[in-house]
Amino acid sequence: MSGVVPGADGLPRCPWGLSTPDYVAYHDEEWGRPAHGDAVLFERMSLEAFQSGLSWITILRKRPAFRAAFAGFDPHVVSTYGDADVDRLLGDAGIVRNRAKIAATIANARAVLDLDQPLDALLWSYAPTDERAAPRTQADLPATTAESTAMAKDLKKRGFRFVGPTTAYALMQATGMVDDHLAGCKVKPTTRT
């Protein structure tokens, strides 16, 4: 697999970030940048779970509909969803209509409220503290790490669903807990705090 590739503007980017304008914007402005706040992280966790088995571009393009369907991913609101809400969501063509993933999102909202600490603090406690060399190619990127495995195990113990080690690592990448932009990418490394 290749390293960075020049985009239409001539600037080098991670290859996955060049296929569509949606991906260019997501790559340049969001992916790998530190994200904080319980609602923000609950949204990212939920979208990563919905992505499981699908293309990320599908989720990215449906994100406005997901936000509307799940009350901006406010865990206080989503935790109150019942059977009528599940039926409403299963009928919403704007989102991924998967009963297990919808149920997991509602259960995860309840799990967020049951935490003994903010979701933000819990998730960021698994961010690696050691600096590592920037990956040179996409082949250098792991699917899981010891940290993502530990995060997934802890989240499952706390009642979260659809949060396996691979999903946890994707969450870590998306929220800047790790910086997996390839060496030479136009997106400069950021502080992870």
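The values are calculated or read from the model by the stated rules, or taken from the named source; none is laboratory data. Given the structure is predicted, the values throughout are model-derived calculations rather than measurements. Positions of Cβ are generated from backbone atoms using ideal geometry, with glycine treated the same way; all protein chains shown enter the neighbour counts. What goes into the accessible areas is simple: the full protein's heavy atoms, side chains included, and nothing from ligands, DNA or RNA. Shrake-Rupley method; radii C 1.70, N 1.55, O 1.52, S 1.80 Å.
Within the span defined as segment 124-132, every residue fails to be open to solvent by less than 30 Å² (accessible area, probe 1.4 Å), at pLDDT 95 or above and part of a helix (DSSP H, G or I). Among the residues of segment 73-123, those identified as in contact with a Leu (Cβ under 7 Å, 6 or more places away or on another chain), aliphatic (A, V, I, L, M) and in a helix (DSSP H, G or I) are Ile102, Val112, Leu119, Leu122, Leu123. Quick check: is even one residue across segment 93-105 closer than 19 Å to Pro165 by Cβ and open to solvent by 40 Å² or more (accessible area, probe 1.4 Å)? For segment 93-105, residues closer than 19 Å to Pro165 by Cβ and open to solvent by 40 Å² or more (accessible area, probe 1.4 Å): present. When both residues are 6+ apart or on different chains and their Cβ atoms are under 7 Å apart, which pairs have a first residue that lies in segment 123-142 and is under 15 Å from Gly32 (Cα atoms) and of a type in the set (Val, Ile, Thr), and a second that is part of a loop (DSSP other than H, G, I, E, B) and modelled with pLDDT under 90? Pairs that qualify, where the first residue is under 15 Å from Gly32 (Cα atoms) and of a type in the set (Val, Ile, Thr) and the partner is part of a loop (DSSP other than H, G, I, E, B) and modelled with pLDDT under 90: there are none. Filtered by the rule that a residue be under 30 Å from Leu113 (Cα atoms), in a loop (DSSP other than H, G, I, E, B) and open to solvent by 80 Å² or more (accessible area, probe 1.4 Å), segment 133-161 gives a lone residue, Arg161.
Listed by first and then second residue, the pairs with beta-carbon distance under 7 Å, at least 6 apart or on different chains, first residue in segment 1-23 and at negative phi and of a type in the set (Val, Ile, Thr), second part of a strand (DSSP E or B) and surrounded by 11 or more Cβ atoms within 10 Å (Cβ to Cβ), are Val4/Pro12; Val4/Arg13; Val5/Pro12; Val5/Arg13.
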